[in-house]
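The values are calculated or read from the model by the stated rules, or taken from the named source; none is laboratory data. Since the structure is predicted, the reported quantities are computational estimates derived from the model, not experimental observations. When we count neighbours, we look across all protein chains shown, and the Cβ atoms used for this are built from the backbone with ideal geometry, even at glycine.
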Amino acid sequence: MSVNPRPNIWQLQAQRDFSGLIDALQNEDRETRKHAASALRVLGAVEALPALRRQLNRETDEATRKHLQAMIDHLRQEAPEGQLPMPSRTRQLVAQLQSGDPAVIVNAARDLGQLKDKTAVETLVVVFHNQQLPGHVRLAAAEALIELDSAPAVVTLLAALNSESWQIRRNGVAVLGQLHADWAVVRIAERLGDDNEFVHRTARAALKRIGSKDARLALEAYLHADPRPQQDPRPDDPDLL
């Protein structure tokens, strides 16, 4: 078993940190393993079933084995009809989401979005919430979740950036800026070329507020391509609603 200190299961559950809960299944403390399994069951984390089964196979404590089996049975009963088993192509792509190569993860996320198979949702959510991954990788996961109609609320703001209404586009950019959504820099930067001046100014202000390396580079690239004098947007620009 892992020698890692006991994680805060309640916090992991509140944050919907599926990866952290799956790791906790291998903790050296049996109560932690049981609580982690319970949290995954409460969250309806069907994607954790393979990890739960693996832990069941190596579990040596009989009481914990019974608990793991009960959680597995609950999750199987709650799984939407047709969700299990995961199709082989989806399973292959989900495995690629665990790759250490960002390009592989991005391609897998895009392919999963096109497959329209919702069995991949939980794994994509884990990728999206993994702040150790580059922004463009998290963006690919976010856009796949939109394709699957299963995006967290913050991700749905991406759709607003393509609205026909300039007010909706502006508001979407503004909120992403306020949330310091570094994963959305590429899509926010696209709004620098928006036909509407308010959207354009808000996109500049949002990138300045995010302030990441990618955001700064996007601003520099835009200013280099369009050297006309421009009013410098303040971080507290009123267009950032």
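A few notes on this one:
So that you can scan it fast, the table gives a plain yes or no per residue for (1) at pLDDT below 90; (2) more than 21 Å from Gln131 (Cβ to Cβ); (3) out of contact with any strand residue (DSSP E or B) (no Cβ under 8 Å at 6 or more places or on another chain):
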{"site": "Ala24", "(1), (2), (3)": "no, no, yes"}
{"site": "Thr32", "(1), (2), (3)": "no, yes, yes"}
{"site": "Ser38", "(1), (2), (3)": "no, yes, yes"}
{"site": "Arg41", "(1), (2), (3)": "yes, yes, yes"}
{"site": "Ala45", "(1), (2), (3)": "yes, no, yes"}
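- Residues in the stretch 56-67 that are assigned to a helix (DSSP H, G or I) and touching a Lys or Arg at 6+ places or on another chain (Cβ under 8 Å): Leu56, Ala63, Thr64, His67.
- Residue match in the stretch 23-37 (condition: among the β-branched types (Val, Ile, Thr), assigned to a helix (DSSP H, G or I) and either closer than 29 Å to Asp117 by Cα or in contact (Cβ under 8 Å) with a residue 40 or more places away in the chain (or both)): no
- Among (1) at pLDDT below 90; (2) surrounded by 18 or more Cβ atoms within 10 Å (Cβ to Cβ); (3) charged (D, E, K, R); (4) within 25 Å of the chain's Cα centre (by Cα), the one test that Asp239 misses: (4)
- Selection status of Leu75, more than 14 Å from Thr123 (Cβ to Cβ) and either surrounded by 15 or more Cβ atoms within 10 Å (Cβ to Cβ) or modelled with pLDDT under 80 (or both): yes
- Looking only at the stretch 172-205, and only at residues there that are among the β-branched types (Val, Ile, Thr) and under 24 Å from the mean Cα position of the chain (by Cα), the one that is nearest to Val154 (Cα to Cα): Val175
- Any hit, the stretch 206-217, residues being outside any helix (DSSP H, G or I), touching a residue at least 60 places away in the same chain (Cβ under 8 Å) and among the polar types (S, T, N, Q): yes
- Within the stretch 209-224, the residues that satisfy the criterion of being surrounded by fewer than 17 Cβ atoms within 10 Å (Cβ to Cβ) and either among the basic types (Lys, Arg) or more than 17 Å from Gln178 (Cα to Cα) (or both) are Lys213, Arg216, Leu217, Glu220, Ala221, Leu223, His224.
- For the stretch 188-209, the criterion of a residue being hydrophobic (A, V, I, L, M, F, W, C) and under 20 Å from Arg110 (Cα atoms) is satisfied by at least one position.
- The stretch 162-179 - residue that is within 26 Å of Arg16 (Cα to Cα) and touching a residue at least 24 places away in the same chain (Cβ under 8 Å) and, of those, surrounded by the most Cβ atoms within 10 Å (Cβ to Cβ): Val173
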